[in-house]
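*Asks:* Take a look at this one; I'll ask things after.
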Amino acid sequence: SHGTNPKTWDAALYDSKHSFVWRYGAELIELLAPEKGERILDLGCGTGHLTHRIAQSGAIVIGLDRSPTMLAEARRNYPELRLVAADATRFAFAAAFDAVFSNATLHWILDAERVVECVAACLRPGGRFVLEMGGKGNIAQLRAAVQEALDRLGYAEGESWNPKYFPTIGEYAGLLEKHGLLVRSARLFDRPTPLDGGENGLRTWLEMFEEVTLSRITPEHRAALVAMVEDRLRPRLFHEGQWTADYVRLRIVAIRG
């Protein structure tokens, strides 16, 4: 069940210890500027917090996610939301949307072009696609430290275990334009992100976002890997009792022609 996509994510852990993922999404909703009566798709809605926020505008929102655990948590939190279990590379709706919104999801999906095809197909002409995802250089220090630890533990092949898609503006804009979506604004920016949990912040982050990797190695090696990564990154990413992840975000607004 371990794919690139977080199908088996621990939704409660995600909500309690990784709330930054959706808290930062409030800014993106301002960019979306949802209006009453608009039909909006939240692509990769996770535990539903941002879906709920969008719905508060009076828009008609559908949340889509492929993780049953995430959707179950979203249903518990917000029983009134319309939620759909589906894959972001294979979805279609009968009625067109005024907007598609996506926060912190699309870097999990390697077949980016299929996602863009589905988005373009479900938007009305003039409809907008507002997204934020990991961009070029995202978690570069974190990834390098994990890879170095895997090498030292004898797992050179570990590089391919948890692949992500962190595009440049040019790469992603090219895909959008190819499928009839005109980029109106694009920004690639550093967003150092404080991790919850004090001294344990990095460990908790690894348990969530490198679970695919950790699940493939022995328990002893897991403990060793976490310790190695902490040692390697402490001088740069730990300050006054707080871990910070080296996030780089790609934020785009595009319009369907």
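*Asks:* When only C-alpha pairs under 8 Å and at least 6 residues apart count, what is the relative contact order of segment 146-215, in percent?
*Replies:* 29 percent
*Asks:* Moving on. Normalising by the residue count of the chain, find the relative contact order in percent from Cα pairs under 8 Å and 6+ residues apart.
*Replies:* About 22 percent, as a whole number.
*Asks:* Could you check how much of the accessible area of segment 24-129 is carbon and sulfur, as a whole percent, using a 1.4 Å probe?
*Replies:* 52 percent
*Asks:* Label Glu177 and Val84 with points 7 Å out from Cα along Cα→Cβ: what is the distance between them in nm?
*Replies:* 3.0 nm
*Asks:* Which percent, to the nearest 5, of DSSP beta bridges fully inside the chain are antiparallel?
*Replies:* Rounded to the nearest five, the antiparallel share is 55 percent.
*Asks:* Enter the accessible area per residue of the chain (Å², integer; probe 1.4 Å; all protein chains in place).
*Replies:* Normalised by residue count, the accessible surface of the chain is 44 Å².
*Asks:* Moving on. What shape does segment 191-257 take by its C-alpha gyration tensor, where a ≥ b ≥ c are the square roots of the eigenvalues and a/c under 1.5 counts as rounded, a/b above b/c as prolate, and the rest as oblate?
*Replies:* Judged from the Cα gyration tensor, segment 191-257 comes out oblate (a/c at least 1.5, b/c at or above a/b).
*Asks:* Quick one: which of 38-49, 167-178 comes out on top by average Cβ neighbours within 10 Å, and what's the full order, highest first?
*Replies:* Top of the packing list down: 38-49, 167-178.
*Asks:* Another one. Could you please state how large a percent of the accessible area of segment 155-203 is carbon and sulfur, counting protein chains only and using a 1.4 Å probe?
*Replies:* 51 percent
*Asks:* Separate question: Cut-off 10 angstrom, C-alpha nodes, Gaussian network model of the chain. Which of Asp87, Asp65, Asp231 fluctuates the most?
*Replies:* So, out of Asp87, Asp65, Asp231, the one fluctuating most is Asp231.
*Asks:* Local charge sum around Ile169 (other residues, Cβ-Cβ under 10 Å, Lys/Arg +1, Asp/Glu -1)?
*Replies:* +2
The values are calculated or read from the model by the stated rules, or taken from the named source; none is laboratory data. Predicted model only: the values in this text are computed from it and were never measured. A quick note on method: Cβ atoms are made from the backbone with ideal geometry, for glycine too, and the neighbour counts reach across all protein chains shown. Remember, those area values only see protein heavy atoms, side chains included, never the ligands or the DNA or RNA. Shrake-Rupley method; radii C 1.70, N 1.55, O 1.52, S 1.80 Å.
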